[in-house]
Amino acid sequence: MLDTLHLGRGKPMMHGLVELDVTLAHRRLRAQRERDGGSPSLTAFFLHALGGALAHHPEVHARRDWRGRLVLFDEVDVTTIVEVEHEGRSFPYAHVLRGIDRRGPRALHDELRSVRERGMRTTSPAKRRATRALLALPSVVRRASYRALLAAPELAQRHTGSALVSAVGMFGSGAGYGLSAPGLHDLSVIVGGTTTRASTDPNDTAPREVLCVTVSANHAIVDGGPLARFVGELARRVAAAEGLDDDIARASAQAPPRGGGDGRRGD
């Protein structure tokens, strides 16, 4: 963690504090819980919506190679922080979710739950040994290794994904934003708390449920205009609860009745 913070120093980050309307998403998730006894988490749904928005705006999660060229990715892989139990204490485990633009909320929810249950065993023994060996090196060598990794965007994508997502809102209730320190990623999304806001729709005056989200992007990678359009696309997908209809219909079709029954490059 200290190495990543050291490498992130000096990044010209832009920060946006946005409120996303999750009224419809919450309504559909609650309906599925009441009908089937379980549903994807709001975090899993948000990751699905984020993947679709990033696939629509690949320039937002691009990386620069060692020659300064922007590298765009055809798939959306993100690092997400999952709190696991390790040696009797909580540990923030960084897990790479692959292809979140192609997967539904249920599949993402199941993977996150598996990581939470398995904890450090999610990482292969070989990778754990390699990590211990890396941590035993002097800091100057470790940081040089990270710089070499970041200079190869395809390799960095494989090991760290192209964005960081952390859901700090799971630790409390009410409105609240998180602001991450710059690290290895040029795009970070911090999911905060949820609260209610008065409706601005004259046709629907019921209070709206909103999710507080912080979007931070490296200004050396993306300008404010493309970032704003990406946030608008994300807000639209979240407000429309995109993916939940298909996900819920698929889960309902597969579940038995209750009560028994049978890389591109660009300049």
Packing-based exposure ordering (other Cβ within 10 Å, fewest first) of Lys11, Lys127: Lys127, Lys11
FRET efficiency estimate (nearest 0.05) - Cβ-Cβ, Thr195 to Arg118, R0 45 angstrom: 0.85
Inter-label distance, nm, simple model (7 Å from Cα along the C-beta direction), His6/Arg128: 2.6 nm
Electrostatic dipole magnitude of the chain [Cβ: Lys, Arg +1; Asp, Glu -1; Cα centre; debye, to 20]: 1020 debye
Spin-label pair Arg236/Leu24, simplified geometry with 7 Å Cα→Cβ offset, distance in nm: 1.2 nm
FRET efficiency, 1/(1 + (r/R0)^6) with R0 22 Å, evaluated for Phe91 and Val140 via beta carbons: 0.25
Test item: Cα-centred dipole of the range 1-147, Lys/Arg +1 and Asp/Glu -1 on Cβ, debye: 560 debye
Label-to-label distance, nm, for residues given as Thr205 and Ala152 (7 Å Cα→Cβ offset): 6.3 nm
Exposure proxy ranking, count of Cβ atoms within 10 Å, fewest first, for Met14, Met1: Met1, Met14
Nearest-0.05 FRET efficiency for Arg98 and Leu72, computed from C-beta distance (R0 22 Å): 0.80
Neighbour-count ranking [beta-carbon atoms within 10 angstrom, fewest first] of Thr196, Thr43: Thr196, Thr43
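Computed from the coordinates by the stated procedures, all read-outs in this text should not be read as laboratory data. Source: prediction; values computed, not measured. Please note: Cβ atoms are built from the backbone with ideal geometry, for glycine as well, and neighbour counts cover all protein chains shown.
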